[in-house]
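Some notes on the structure that comes next.
Read the figures in this text as sums done on the coordinates, not as results from a lab. Note that the structure is predicted; figures quoted are calculated from it, not measured. Here the Cβ positions follow ideal geometry from the backbone for every residue, glycine too, while neighbour counts run over all protein chains shown.
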Amino acid sequence: MKFRALGWAGLGLGLILVACRTAQSPQRYTPPASVAAPARPASVEHFRLDPAQSEVLILVYRDGPMAALGHNHVLSVRQLSGEAALPLDSTAQSPGREHPELASFALEFPVAAIAVDEPALRAQAGTGFEGALDAPSIEGTRAHMLGPLLLDASHFERIRLESAAVQAEGDHWLATLHIGVRDYEAQVQVPIALQIDAEGLLATGEFDLTHAQLGLKPYSVALGALRVAETLHVRYRLLARRVPASEATEAP
């Protein structure tokens, strides 16, 4: 498995956040006609995700006139795996700075490993997430999220993200990701702040993601008086360690 560059959060992120909502019948995403990619340089740095030092959080918000009767939720991605590949610059011999468009990555995680409303993460999330939720509420949210109307974890066990394009934008990168959820493929753009040192790379960022981008319809009750907000918020911190080319997985 691999995730060659940055942008992971995103996502995974992002997708997992389907908690508390129902799926609609989206049109399947059709990738644009492929364009010949520039040749990858001979020198490439490989990185492998360190799941113990990485975090992807998805904040799901309540909405509607009866929102006070519901709860905001914090989803966290567990069991992340992935790799990234960045080309070495010709002059500075540091990865990716000259040609971010040659960077690539892939990320994957099991749907059933998504954690719901862990008390410590709710406390860190701040205003709107005060207080721990009881076990029946958490289990109800989780069952709905993994059920056949949403992620359908019994038939679609994993979520996968792959980079389609990476470009420099000011002081950060912008990665276009293909995200596979159920039998639907979404395309989203994720901002990436990147730091590279002798041990590896750190990719961080946050962004909004809508249900519509994922081909989903927010869950609602009472004719929409109580519903999940259309917009989700994703925060990520992904740490990857350098690995020898002989140990790196082939590009996706």
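Tabulated values for the structure
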item: Rg over Rh, two decimals, region 149-226 (C-alpha only, Kirkwood Rh); result: 1.09
item: Cβ-placed point charges (K, R +1; D, E -1), dipole of region 49-191 about Cα centre in debye, nearest 20; result: 300 debye
item: Whole-Hz couplings from phi, Karplus 6.51/-1.76/1.60, listed for region 192-203; x for Gly and Pro; result: 9, 9, 10, 10, 10, 9, 5, 8, x, 10, 10, 10
item: Cα-based convex hull volume of region 106-252 per residue, rounded to whole Å³; result: 167 Å³
item: Gyration tensor (alpha-carbon) shape descriptor, region 154-196, a/c threshold 1.5; result: prolate
item: Residue order, fewest to most surrounding Cβ atoms within 10 angstrom, among Ser104, Ser43; result: Ser43, Ser104
item: Packing-based exposure ordering (other Cβ within 10 Å, fewest first) of Ser154, Ser246, Ser137; result: Ser246, Ser154, Ser137
item: All-pairs alpha carbon distance profile, region 112-167, 5 Å steps from 0, percent; result: 4, 16, 19, 17, 14, 15, 10, 4, 1
item: FRET E, pair Ala212, Ala67, Förster distance 22 Å, beta-carbon r, rounded to 0.05; result: 0.65
